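One structure below.
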Amino acid sequence: MTTTEALDGSAAVDEAARSVARPFYVYAVLANSLFQRGVFVLFLQQRGFSAGQVALLQTLIYLVSGLAELPTGIIADRIGRRASIVIGQVLVAGCLLGQVSSSNYWVFLTLFMAQGVGMACVSGSDTALLYDLLVRRGATAGYVKIKSRFTMLGTVTSGVAIVLGGQLQRFSWGIVYLGSVSCLVLAVVVLMSRVPEIRGADAVDEQDGTEKEHVDATAWRAMLRVATPALVTLVVVSGLMHATLTPYIIFTQKTLSDQGAGTALVSVVISAGFFVGGLVPLLSDRANQRIGYRIVIPVSLVTLAVALGLSGIGLVWVTIAAFLVLVGIPEITAVLVDNVLNEAVPSRHRASLLSMIAFVESVLIGTGYLVLGTLMDGWGSSVGMAIYAAVPLLACLLWLPVLFRGARVTTEIEKPADQKAS
């Protein structure tokens, strides 16, 4: 092959990747235009709910999401990944409408559980749909770059939406929640009109004949085949990282409020955090090439522990500075881990297997909310944050054997066409 032909081939792959990515970028912007995200804890407090009750709601949403991951992942592989995303986003939109219309805690419990099911329908399906469409076009080499931009757009959009939500709340909580619902509906329209459907069986058709001998009849057999000890450790450590980062971002709202920040300042800080968390993942491709996920993981975990510890000092500007400086680093890890997990699982059961992994993460996140909420109720928001720093430190300890032994995470079960050629 001549240099010119190689360049032409590379350009064709890049264009194929971009054509797949464009509608996903639009979808990311719309699906993350959730104006209530940065201030919904304050909304729940105004409804008269305590930190413990808010923590229970968040725990339920993630536990239910985790339990629903397995059946929704199988459904996504059978009926289609796009169909699963559409069902999930419509369900989430309906739950948001219900929340702004009620003040009864038992109604909120029901709505948050239903929202958890909606989240499960989206989780795993969106990544599986994007990755397998890239497989179809022979362009998976661009996945880390595309996913980092997808994450950036979604997170930056969330930041803008949070700022707007903090301002719109001055007029009405109804405007905040109806705006979110409208954007979710538009996201569904974009997905239905511009992204082709793909099922697990469709993804299998993209494999060549030499790999069909490895096709497993069920997702459980596929999971057993790929579940190396290092991969299992990666899933648990990643879950603990998310179980730290997600409650930390959400409960920072309460911590800042308790330390004297007003609603407007809280919304601005959380929004700025989302901007940081959105822009930093653009460094994921470079971090992957120069450092690798094995090193980035412990760095992110220590960073989270430091941020939580600094929040425990009780000074509002220290909490703000720690949040803004440190919150973005774990987002790089999330992109790199996502790529490793996609490489490790076969296409036929990709949504199902990613949902199994998301189940572990959801259970850990839900438990994290409950633990952090209990700590904040018992010790105060600042001290509770500092005590919770033990979680990322524990995850770091779990990862050290994999780091130093260089244990293998992925298997050779299936490689995309563009990787085979390299």
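Which ones in segment 120-147 are of a type in the set (Gly, Ala, Ser) and assigned to a helix (DSSP H, G or I)?
Across segment 120-147, the qualifying residues are 120, 125, 128, 141, 142.
Go through 232, 306, 237, 280 for me and flag whichever is within 29 Å of residue 356 (Cα to Cα) and modelled with pLDDT of 85 or more.
Criteria check complete, one pass: 237.
Inside segment 260-281, can you point out the residues that are open to solvent by less than 30 Å² (accessible area, probe 1.4 Å) and not in a helix (DSSP H, G or I)?
261
Give me the residue from segment 28-57 that is under 17 Å from the mean Cα position of the chain (by Cα), open to solvent by 10 Å² or more (accessible area, probe 1.4 Å) and not hydrophobic (A, V, I, L, M, F, W, C) and, out of that set, farthest from residue 359 (Cα to Cα).
33
Determine which member of the set 363, 335 is surrounded by 22 or more Cβ atoms within 10 Å (Cβ to Cβ), at pLDDT 80 or above and closer than 30 Å to residue 266 by Cα.
That would be 335, the only listed residue that is surrounded by 22 or more Cβ atoms within 10 Å (Cβ to Cβ), at pLDDT 80 or above and closer than 30 Å to residue 266 by Cα.
I'm told residue 310 meets every condition in (1) open to solvent by 30 Å² or more (accessible area, probe 1.4 Å); (2) closer than 21 Å to residue 393 by Cβ; (3) touching a residue at least 40 places away in the same chain (Cβ under 8 Å); (4) of a type outside the set (Val, Ile, Thr) except one. Can you identify the failing condition by its number?
(3)
Keeping to segment 116-147, report how many residues are open to solvent by less than 30 Å² (accessible area, probe 1.4 Å), under 18 Å from the mean Cα position of the chain (by Cα) and among the polar types (S, T, N, Q).
So the answer is 2.
Tally the residues that are at pLDDT below 85 and within 16 Å of the chain's Cα centre (by Cα), restricting the search to segment 69-93.
Total meeting the criteria: 2.
Within the set of pairs 6 or more residues apart or between chains, which connect a residue that is within 20 Å of residue 16 (Cβ to Cβ) and modelled with pLDDT of 75 or more inside segment 183-209 to a residue that is open to solvent by less than 30 Å² (accessible area, probe 1.4 Å) and among the charged types (D, E, K, R) with Cβ atoms less than 7 Å apart?
Taking only residues 6 or more apart or on different chains, the pairs are 198/81; 198/132.
Based on what the data block shows, is residue 103 open to solvent by less than 20 Å² (accessible area, probe 1.4 Å) and among the polar types (S, T, N, Q)?
The answer is no for residue 103.
Which of (1) of a type in the set (Phe, Trp, Tyr); (2) assigned to a helix (DSSP H, G or I); (3) open to solvent by 40 Å² or more (accessible area, probe 1.4 Å) is the odd one out, the single condition residue 150 does not satisfy?
In the conditions (1) of a type in the set (Phe, Trp, Tyr); (2) assigned to a helix (DSSP H, G or I); (3) open to solvent by 40 Å² or more (accessible area, probe 1.4 Å), residue 150 misses (3) alone.
The values are calculated or read from the model by the stated rules, or taken from the named source; none is laboratory data. If you're wondering where the values come from, they're calculated on a predicted model, not measured in any experiment. Note that each Cβ is placed from the backbone with ideal geometry, even for glycine, and that neighbours are counted across all protein chains shown. Accessible surface areas use protein heavy atoms only, side chains included; no ligands, DNA or RNA. Shrake-Rupley method; radii C 1.70, N 1.55, O 1.52, S 1.80 Å.
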